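**Student:** Before we start, here is the structure in question, set down as structure tokens.
The values are calculated or read from the model by the stated rules, or taken from the named source; none is laboratory data. Bear in mind the structure is a predicted one, so any value in this text is a computation, not a measurement. Because the Cβ atoms are built from the backbone with ideal geometry, glycine has one as well, and the counts that use them run over all protein chains shown.
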Amino acid sequence: MSKKHLVFIINPKSGVERQKEIKQGIEAHLDLNTYSYEILNTEYAKHGIILARNAAEQGAWAVVAVGGDGSLNDIAQGLLGSKTVLGIIPKGSGNGMARTLKIPLEVEGALKVINKGNIQNIDIGFANDRLFVSNAGVAFDALIAKKFAKSEKRGFWVYSWLVTKYMWLYKCWNWEITIDGKKFSRRSFMIIVANGQQFGYNFKIAPMAIFNDGLLDVIIIRRFPKILGGVIVLRAMNGTIAGSPYVEHFRTKELTLAHPSLKLMQTDGDAHECKSSINFSLKPGALQVIVP
């Protein structure tokens, strides 16, 4: 019986040591009786989309994204509509979707998940035409995504510092929101449209979200006294954010967010320019993923 072929896609900017760790981990822990493999490096932004698409066209059984939610997003774009499965070795900063899927954060554990080869279909979200696997949003989170991308340093403490700094500076907008045909407005600090449960770092912005239920979870954090920012963060860390009096939760297949000054959004932690109105939708079960 022929072996199943895996294509590992790595961002070389992650460093020589990380590439060496992945290569050594594969040789030590991947079931080489079941799988053959190759390792490809991205060479420029969004190159992962092309590499994943080519791998699928050439019949790879799975493409393994080595990275965070941004890397997952690229690989998912390349695989959408194919029969090739998505594998994950979490090596990003926050690893929100990997945490939602309960994939171990260390290389050995993630490879053992791949060895078992359990496959599950997950939903894929869209913000206008932009795909997202974990979450998308406007307002404060889009600002933080932009600032985090420009930061030379990564990690939890940098992320926390940015959140703390800009929480005090951020001015809430009055958003026009349409859910299931019903239009209403909210003065909001943050509006998250979630398929996964968290941004990463165990910051559970949508702990109730289910990645294969055919629905998007909408979390609206209304304007709150800035002195209570720490309480909101604590609720996110312990999974009780929906219980806050400043938070509303909706489930829907489609929604629209609009503001005349809207120019920035984020999908899976990457900031993008956008128009003043965004339509969010879902393709149920659109991607196969290797899960524990």
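**Student:** Would you check if there is a residue in the stretch 127-134 being part of a helix (DSSP H, G or I) and touching a strand residue (DSSP E or B) at 6+ places or on another chain (Cβ under 8 Å)? Outline the logic, then answer.
**Tutor:** Pass one, the stretch 127-134, residues part of a helix (DSSP H, G or I): none.
No, the conditions are met nowhere in the stretch 127-134.
**Student:** If you don't mind, another one. All but one of (1) touching a strand residue (DSSP E or B) at 6+ places or on another chain (Cβ under 8 Å); (2) assigned to a loop (DSSP other than H, G, I, E, B); (3) farther than 30 Å from I227 by Cβ hold for G70, so report the exception by its number.
**Tutor:** For G70, the exception is condition (2).
**Student:** Here are the criteria: (1) more than 18 Å from Q198 (Cβ to Cβ); (2) within 18 Å of the chain's Cα centre (by Cα). Tell me which single one I219 does not satisfy.
**Tutor:** Condition not satisfied by I219: (1).
**Student:** Take G48 and decide whether it is in a loop (DSSP other than H, G, I, E, B), in contact with a helix residue (DSSP H, G or I) (Cβ under 7 Å, 6 or more places away or on another chain) and either farther than 25 Å from A206 by Cα or not assigned by TED's automatic domain parsing to the domain that holds I192 (or both). Reasoning before the result, please.
**Tutor:** Values: in a loop (DSSP other than H, G, I, E, B): no; in contact with a helix residue (DSSP H, G or I) (Cβ under 7 Å, 6 or more places away or on another chain): yes; either farther than 25 Å from A206 by Cα or not assigned by TED's automatic domain parsing to the domain that holds I192 (or both): yes.
Answer is no for this residue.
**Student:** Next question. Just checking, which of Q266, Q198 is part of a loop (DSSP other than H, G, I, E, B), of a type in the set (S, T, N, Q) and under 20 Å from the mean Cα position of the chain (by Cα)?
**Tutor:** Values: Q266 fails: part of a loop (DSSP other than H, G, I, E, B).
It is Q198.
**Student:** Name the single residue, out of those in the stretch 209-235 being touching a Gly at 6+ places or on another chain (Cβ under 9 Å) and in a loop (DSSP other than H, G, I, E, B), that is surrounded by the most Cβ atoms within 10 Å (Cβ to Cβ).
**Tutor:** Initial filter on the stretch 209-235 (touching a Gly at 6+ places or on another chain (Cβ under 9 Å)): 209, 211-212, 214, 216, 219, 235.
Then drop every residue that is not in a loop (DSSP other than H, G, I, E, B), which leaves 209, 211-212, 214.
Working: A209: 26, F211: 22, N212: 14, G214: 12.
So the residue we want is A209.
Each row is one residue, and each column tells you yes or no for (1) aromatic (F, W, Y); (2) in a loop (DSSP other than H, G, I, E, B); (3) free of Cβ contacts under 8 Å to residues at least 60 places away in the same chain; (4) closer than 17 Å to N195 by Cα.
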residue	(1), (2), (3), (4)
Q77	no, no, yes, yes
S82	no, yes, yes, no
K112	no, no, no, no
D123	no, no, no, yes
A136	no, no, no, yes
K146	no, no, no, no
E152	no, yes, yes, no
L162	no, no, yes, no
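**Student:** How about the stretch 269-286: which of its residues are part of a strand (DSSP E or B) and more than 14 Å from the chain's Cα centre (by Cα)? I'd like the intermediate steps shown before the answer.
**Tutor:** Of all residues in the stretch 269-286, those part of a strand (DSSP E or B) come to 270-273, 277-286.
Within the stretch 269-286, H272, E273, S277, I278, N279, F280, S281, L282, K283, P284, G285, A286 meet the criteria.
**Student:** Which numbered condition trips up V63, out of (1) outside any helix (DSSP H, G or I); (2) more than 16 Å from L131 (Cβ to Cβ)?
**Tutor:** Failed condition: (2).
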